[in-house]
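Shown next, in C-alpha cells, is the structure this report addresses.
Laboratory data are not the source of any read-out in this text; all were calculated from the coordinates shown. Quantities reported herein were computed from a predicted structural model and do not represent experimental measurements. Here the Cβ positions follow ideal geometry from the backbone for every residue, glycine too, while neighbour counts run over all protein chains shown.
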Amino acid sequence: MFFLSESSFASDTITSSQSLSDGRTLVSKEGSFELGFFSPGSSKNRYVGIWYKNMPVKTVVWVANRINPINDSSGLLVVNETGNLVLTSQNKSVVWSANLSKEVQTPVVLQLLDSGNLVLRGERDGGSETYLWQSFDYPSDTLQPGMKLGWDFKTGLERRITSWKSSDDPSPGDFIWKIERQFYPELVMWKGSRKFYRTGPWNGLIFSASSLRLTQFLSIALSSMRMSCTTHSTSQIKLLSQGLL
C-alpha cells in the first residue's frame, strides 16, 4: 500500500494498493466535488466528507464518520484486502467502514463521481452503475440531485436525511426527514420523537397537505419493490440543524 502523492492529488479514484491520508483529496473528473478530511466550524475534530469543489464557502454534502470523529491527523481512508472501504486512525483502529456484507473477490476501486456519489465498484466496471456500495444510499443532511429518499423493500434499506447537531458537529441532530411507510406514503419531518412537519399522504399527483411545492424538486416512485422520492437533476435539499429545508 502507498499514500497518494502530490502527482495524484487530483485523482478521482483510489485502488486497494493506495490510501488517502489527511491532507490529500479526491476530486471528481469534471472538478465538481472533492472528498477529503475536514474540520467543521470551530471544531478540531477530523471527518471524512464530500463538498463542492469550487464554492467560496465550503459546503459539505456527505460525512462518513459523523458519529465517530478522529481527534488528530492520523486518519487513513483505504480499500482493504477484502474490498471493504475502511477509515482508520491511530494504531489502525477502525473508525468507520462501508460495512460490506461479504468479501469481494475481484479488484475494487473507490471513485468520486461528478454527481457527488462516492462508489465502490469492480475495477473493470467503469462504465456500469453496478456498485458494491455507494454513499447515495447513506445520506447525511443533504439530498443531492439523483439521490433517493425512502425504502428499498428488497434489501430493507431506508434512506433518510438527518440534520447536523450544529455547524461545528455533524453528528445526527434533532431533525429527521423521511418517508413514512403506510398505505398512502407521506414525507414527515421529525424533531426527536415529535412530528414537526408532514406533507400529508401522496395521492398520485401531490402531497395533499403540503404548502411546499415539492414536486418541483422530487419525483415520486411507488412499487412493490420500492417507495422513494428522487431529487431532480438541478435540485438539492439540505436539512439544517434548525429543521429548515
Neighbour-count ranking [beta-carbon atoms within 10 angstrom, fewest first] of 186, 103, 34, 123: 103, 123, 186, 34
Computed magnitude of the charge dipole of the range 2-135 (debye, nearest 20; Cβ of K, R +1, Cβ of D, E -1): 360
Burial ordering of 109, 57, 79, fewest other beta-carbon atoms within 10 Å first: 57, 109, 79
Per-residue Cβ neighbour rank within 10 angstrom, fewest leading, 175, 33, 38: 38, 175, 33
